[in-house]
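Novice: Sharing a structure, written as C-alpha cells. Questions coming.
The values are calculated or read from the model by the stated rules, or taken from the named source; none is laboratory data. Since we're looking at a predicted model, the values are computed, not measured. Reconstructed Cβ throughout: ideal geometry from the backbone, glycine too, with neighbour counts over all protein chains shown. Side chains included, ligands, DNA and RNA excluded: accessible areas come from the protein's heavy atoms. Shrake-Rupley method; radii C 1.70, N 1.55, O 1.52, S 1.80 Å.
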Amino acid sequence: LDIDGCLIPWTRKPGVKHEFEPSCIKAANYIIDKTGAVVVISSSWRLNFNLEQLNEMLIDAGFICGAIRTTKLPEKGDSGLYIAKTRAQEIQEDITAHQIINFVVIDDDTDTKVFGERCILCDVEVGLTQKLAIKAVAVLQ
C-alpha cells in the first residue's frame, strides 16, 4: 500500500495541507473488512517512519488495522545514498520473500502496472476510491 496519492491525494490548491482523506481510508477499510487482507506498506514514508510510527498514523486516521510490515528498505551504496529500485521491484521482492500468492498492489506509480489486474492504480489527485476498492476485493476473492 502506498500512502501519497492513494490515502493522501495530491492537491494543487495553494495552502492546502496534504492529509489522510477519510474517503480513501474508508475504501481501504472496505477491502480489509471484506477480504481479511493484511497490509504491507510500500510507500516511501517507510524511509522516514518506522512501522510503529506508520501504524500510529494510520490508526489515528481511521484505519481499522495496522500494517504487518513494510517492504524492505533500499540498500545504501558506498556513498551513503540509496541504491535505486523501482517500486514494482521492491514489491516483487516482498512477494517472493514472503511467498505471497493472493495480493493487490495499491499505488499511484505507473511502474506497478506490471502486476496486471492485481494493480489498483490510483489517480494521485483522488486517491483510493470505493470503485477501486470494489475492484480490489474482486481480485482478492
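Each row is one residue, and each column tells you yes or no for (1) of a type in the set (Phe, Trp, Tyr); (2) within 15 Å of the chain's Cα centre (by Cα); (3) farther than 22 Å from Asp109 by Cβ.
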site	(1), (2), (3)
Asp4	no, yes, no
Leu7	no, yes, no
Ile25	no, yes, no
Asn29	no, yes, yes
Val40	no, yes, no
Trp45	yes, yes, no
Leu58	no, yes, no
Phe63	yes, yes, no
Ile68	no, yes, no
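Novice: Pairs needed: first member in the range 108-125, over 15 Å from Glu90 (Cβ atoms); second member anywhere, of a type in the set (Ser, Thr, Tyr) and open to solvent by 80 Å² or more (accessible area, probe 1.4 Å); C-beta distance under 8 Å; at least 6 residues apart or different chains.
Specialist: Final answer for the pair search is Leu121/Thr110.
This table checks each residue for (1) over 25 Å from Lys131 (Cα atoms); (2) β-branched (Val, Ile, Thr).
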{"position": "Leu7", "(1), (2)": "no, no"}
{"position": "Ile32", "(1), (2)": "no, yes"}
{"position": "Val39", "(1), (2)": "no, yes"}
{"position": "Ser43", "(1), (2)": "no, no"}
{"position": "Leu58", "(1), (2)": "no, no"}
{"position": "Arg69", "(1), (2)": "yes, no"}
{"position": "Ile101", "(1), (2)": "no, yes"}
{"position": "Val105", "(1), (2)": "no, yes"}
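Novice: Next question. Quick one: would you say Tyr30 is touching a strand residue (DSSP E or B) at 6+ places or on another chain (Cβ under 7 Å) and at negative phi?
Specialist: Considered against the rule, which asks whether it is touching a strand residue (DSSP E or B) at 6+ places or on another chain (Cβ under 7 Å) and at negative phi, Tyr30 comes out as no.
Novice: Cβ contacts < 6 Å: first residue over 16 Å from Ser44 (Cβ atoms), restricted to the range 68-94; second residue open to solvent by less than 90 Å² (accessible area, probe 1.4 Å), any location; separation 6+ or different chain. Result?
Specialist: Gly77/Ile83
So that you can scan it fast, the table gives a plain yes or no per residue for (1) open to solvent by less than 50 Å² (accessible area, probe 1.4 Å); (2) touching a residue at least 60 places away in the same chain (Cβ under 8 Å); (3) of a type outside the set (S, T, N, Q):
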| site | (1), (2), (3) |
| --- | --- |
| Ser23 | no, yes, no |
| Asn29 | yes, no, no |
| Val38 | no, no, yes |
| Ser44 | no, no, no |
| Leu54 | yes, no, yes |
| Asp60 | no, no, yes |
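Novice: Hey, among the residues in the range 108-141 that are closer than 18 Å to Pro22 by Cα and out of contact with any Phe, Trp or Tyr (no Cβ under 9 Å at 6 or more places or on another chain), which one's most open to solvent (accessible area, probe 1.4 Å)?
Specialist: Residue satisfying both the conditions and the ranking: Lys131.
Novice: Looking at Ile83, is it surrounded by fewer than 13 Cβ atoms within 10 Å (Cβ to Cβ), under 21 Å from Ser23 (Cβ atoms), hydrophobic (A, V, I, L, M, F, W, C) and out of contact with any Cys (no Cβ under 6 Å at 6 or more places or on another chain)? Give the derivation first.
Specialist: Numbers: surrounded by fewer than 13 Cβ atoms within 10 Å (Cβ to Cβ): yes; under 21 Å from Ser23 (Cβ atoms): no; hydrophobic (A, V, I, L, M, F, W, C): yes; out of contact with any Cys (no Cβ under 6 Å at 6 or more places or on another chain): yes.
Spelling it out, it is not the case that Ile83 is surrounded by fewer than 13 Cβ atoms within 10 Å (Cβ to Cβ), under 21 Å from Ser23 (Cβ atoms), hydrophobic (A, V, I, L, M, F, W, C) and out of contact with any Cys (no Cβ under 6 Å at 6 or more places or on another chain).
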